[in-house]
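Colleague: Mind having a look at this structure? Questions to follow.
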Amino acid sequence: AQQPGTPLSDQEYRQFFRSLRVARRASTACLLRELYGCQNPLVQSLDAYENHGVIPGGPICSTLPGTPFFPDFCTFSFYRCMRKQYFIKV
């Protein structure tokens with residue numbers, strides 16, 4: 001265990017910055033979704049990539065308390081973006 005106040009190790013810094021880059025990429029994808037909508041080819045390709053090549057049809061079930069169903073993947077993704085809960089899965 002590291003002493004409080006000491007710098008991160010090289011490996012810890014890599015992990016720290018890796019997580020920041022992931023969140024920034026997720027927020028960028030959300031910005032594209034907000035600006036262009038789900039029918040945009042780039043947004044659709046991101047949705048397909050996230051789902052191993054196929055955008056799921058609706059309805060979408062989730063384990064989120066109080067919001068168990070979404071009419072389609074676009075609505076579900078938009079909800080995640082608005083809540084900044086980028087990695088919630090169905």
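The values are calculated or read from the model by the stated rules, or taken from the named source; none is laboratory data. Just so we're clear, the structure is a prediction, and the values are computed from it rather than from any experiment. Note that each Cβ is placed from the backbone with ideal geometry, even for glycine, and that neighbours are counted across all protein chains shown. Note: accessible area is taken over every heavy atom of the protein model, side chains too, but ligands, DNA and RNA are not part of it. Shrake-Rupley method; radii C 1.70, N 1.55, O 1.52, S 1.80 Å.
Colleague: Please verify whether region 22-41 includes one or more residues that are farther than 14 Å from M82 by Cα, assigned to a helix (DSSP H, G or I), at pLDDT 90 or above and among the β-branched types (V, I, T).
Modeller: No - not one qualifying residue is present in region 22-41.
Colleague: Give E50, E34, E12 a once-over and let me know the one that is surrounded by 10 or more Cβ atoms within 10 Å (Cβ to Cβ) and within 12 Å of the chain's Cα centre (by Cα).
Modeller: Exactly one of E50, E34, E12 is surrounded by 10 or more Cβ atoms within 10 Å (Cβ to Cβ) and within 12 Å of the chain's Cα centre (by Cα), namely E50.
Colleague: Go through region 15-31 and give me each residue that's exposed (fewer than 12 other Cβ atoms within 10 Å of the Cβ) and of a type in the set (G, A, S).
Modeller: Once the filter is applied, which keeps residues that are exposed (fewer than 12 other Cβ atoms within 10 Å of the Cβ) and of a type in the set (G, A, S), region 15-31 yields only S19.
Colleague: Considering region 67-81 alone, what residues qualify as being open to solvent by 80 Å² or more (accessible area, probe 1.4 Å) and without any contact (Cβ under 8 Å) to a residue 24 or more places away in the chain?
Modeller: F69, P71
Colleague: What are the residues in region 53-66 that are open to solvent by less than 70 Å² (accessible area, probe 1.4 Å), in a loop (DSSP other than H, G, I, E, B) and in contact with a strand residue (DSSP E or B) (Cβ under 8 Å, 6 or more places away or on another chain), if any?
Modeller: Result: G58, S62.
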